[in-house]
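Visitor: Below is a structure I'd like to ask you about.
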Amino acid sequence: MSKNTSKHLDGFLRKIVPSVSLLTHNFFFKCFANMADLPTKIIVPEFRNLPPNHLRIRIGVGNRIFSNQMRYLNTYSFWMYCLSEGYITLNSSIIDIGCGCGRYAHPLRDYEFKQSRFTGRYLGVDIDQEQLKWCSENFDAQRFRFVHSTHASKSYNTTGSSQSMTLPKEDQSVDFVFSSSLLTHLLETELRNYLQETFRVLKPGGHMLMTCFCLDYPPATMGSRHTFSHAIGNSRVETLEVPEAAVAYTEAFFLETAKNIGFKSARIIGVVPNTDEIQSIFLAEK
Ligand SMILES: C[S@@+](CC[C@H](N)C(=O)[O-])C[C@H]1O[C@@H](n2cnc3c(N)ncnc32)[C@H](O)[C@@H]1O
């Protein structure tokens with residue numbers, strides 16, 4: 001298929017289905033996705049304890065329906081990076097906002113890092129009760145806790161009711177707050193709410209790391225899958241129908257917001273050109 005045909009087909013599909021996450025709530029789609037997952041579960045024992053396929057599809061791992069298992073499992077290197085940068089120790093208190101079905105939590109539950117295990121505390125926050133239920137049933141309560149946020153989102157939680165959420169942690173009690181592909185679904189009010197809450201709960205010197213769509217470092221999909229052609233306040237969205245389906249901001253907005261909240265320093269690490277990485281990193285230190 002030529003690049004142009006694929007671009008038109010992708011654009012056409014996204015017009016019909018502006019948010020794949022919404023589709024995963026459909027009963028027939030769920031059945032289809034979970035049936036399609038059965039053969040690999042039978043063949044590969046390591047895949048048997050993964051969350052159901054419709055939950056993995058909902059969090060968009062590699063945007064793949066049939067072969068997303070390795071994309072779900074490949075987050076170990078993220079923690080090695082955080083350890084090597086000194087953002088965490090194995091005894092840290094960590095918050096993962098928009099934790100989904102535990103893609104970033106599972107290495108801390110299952111793996112050793114240089115012969116030591118994670119002994120800290122991990123708090124996952126999400127608006128999706130089905131994801132939270134799966135996580136609560138599959139992670140030990142001693143180290144992992146999962147809580148519901150009441151934020152509304154047309155893309156992820158059509159029943160949510162608020163734009164503000166208080167993270168259930170004391171001021172200055174957390175070492176590291178991160179999110180993967182959460183800011184890419186947040187409009188300005190919710191985004192500011194989480195950044196302010198992050199600042200409040202972080203210990204002085206603690207770090208925040210959040211992946212994002214940054215307009216100054218356009219994703220490789222810009223011009224095809226992503227155009228961010230509609231403005232809502234400071235955000236640029238893909239579709240006004242489901243604005244939270246994909247949201248981008250400028251580097252200046254991110255840095256100014258972090259500065260106004262009080263972070264000591266902040267920077268954007270842009271996507272590496274010519275890779276299949278599409279999100280930048282918004283990093284800040286309290
Ligand atoms: C693209 S998925 C990423 C999930 C996970 N971070 C990962 O990388 O596997 C986005 C997640 O953010 C959650 N989410 C969306 N809006 C949210 C909000 N306002 N507050 C908390 N979670 C939210 C969704 O329910 C979903 O689980």
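The values are calculated or read from the model by the stated rules, or taken from the named source; none is laboratory data. Please read all numbers here as calculations on a predicted model, not as lab measurements. Reconstructed Cβ throughout: ideal geometry from the backbone, glycine too, with neighbour counts over all protein chains shown.
Visitor: What are the residues in the range 150-180 that are modelled with pLDDT of 95 or more, within 12 Å of the ligand (Cβ to nearest atom) and of a type in the set (Gly, Ala, Ser), if any?
Guide: Ser179, Ser180
Visitor: Now, a different point. Under 6 Å between Cβ atoms, which residue pairs at least 6 apart in sequence (or on different chains) link something in the range 18-44 that is under 17 Å from Gln69 (Cα atoms) with a partner that is exposed (fewer than 11 other Cβ atoms within 10 Å of the Cβ)?
Guide: Lys41/Arg48
Visitor: Among the residues of the range 95-117, how many are more than 7 Å from the ligand (Cβ to nearest atom), acidic (Asp, Glu) and not in a loop (DSSP other than H, G, I, E, B)?
Guide: Of the residues in the range 95-117, 1 are more than 7 Å from the ligand (Cβ to nearest atom), acidic (Asp, Glu) and not in a loop (DSSP other than H, G, I, E, B).
Visitor: Here is a follow-up. Any chance the range 68-84 includes a residue that's closer than 19 Å to Asn138 by Cβ and in contact with a Ser or Thr (Cβ under 9 Å, 6 or more places away or on another chain)?
Guide: yes
Visitor: Turning to a different aspect of this structure: List pairs: first residue in the range 259-271 and outside any loop (DSSP other than H, G, I, E, B), second residue exposed (fewer than 14 other Cβ atoms within 10 Å of the Cβ) and of a type outside the set (Asp, Glu) anywhere in the structure, Cβ distance under 8 angstrom, at least six positions apart or on different chains.
Guide: Listed by first residue and then by second, the contacts come to Ala266/Lys259.
Visitor: Right, something else. Mind checking which residues of the range 219-256 are touching a residue at least 60 places away in the same chain (Cβ under 8 Å) and under 20 Å from the mean Cα position of the chain (by Cα)?
Guide: Pro219, Arg225, Glu238, Thr239, Val242, Pro243, Glu244, Ala245, Ala246, Val247, Ala248, Tyr249
Visitor: Cβ contacts < 8 Å: first residue over 24 Å from Pro204 (Cα atoms) and among the basic types (Lys, Arg), restricted to the range 93-105; second residue at pLDDT below 95 and near the ligand (Cβ under 6 Å from one of its atoms), any location; separation 6+ or different chain. Result?
Guide: Arg103/Ile59
Visitor: While we're here: Output the residues belonging to the range 173-226 that are closer than 22 Å to Ala152 by Cβ and in contact with a Cys (Cβ under 8 Å, 6 or more places away or on another chain).
Guide: Leu183, Thr184
Visitor: Looking at the range 188-198, which of its residues are of a type outside the set (Asp, Glu) and buried (at least 19 other Cβ atoms within 10 Å of the Cβ)?
Guide: Leu191, Asn193, Tyr194, Leu195, Thr198
Visitor: Can you tell me how many residues within the range 66-94 are crowded, with 18+ Cβ neighbours inside 10 Å and more than 10 Å from the ligand (Cβ to nearest atom)?
Guide: The number of residues fulfilling the criteria is 9.
Visitor: Does Ala231 fit the bill of being within 16 Å of the ligand (Cβ to nearest atom), part of a strand (DSSP E or B), at pLDDT 95 or above and in the same structural domain as Ile261 (by TED's automatic domain parsing)?
Guide: no
Visitor: Collect the residues in the range 202-230 that are of a type in the set (A, V, I, L, M, F, W, C) and within 12 Å of Phe263 (Cα to Cα), keeping them in residue-number order.
Guide: Once the filter is applied, which keeps residues that are of a type in the set (A, V, I, L, M, F, W, C) and within 12 Å of Phe263 (Cα to Cα), the range 202-230 yields Leu202, Met208.
Visitor: Test of understanding: among Asp175, Asp216, which residue is among the charged types (D, E, K, R), surrounded by fewer than 16 Cβ atoms within 10 Å (Cβ to Cβ) and in contact (Cβ under 8 Å) with a residue 24 or more places away in the chain?
Guide: Checking each option against the conditions leaves just Asp216.
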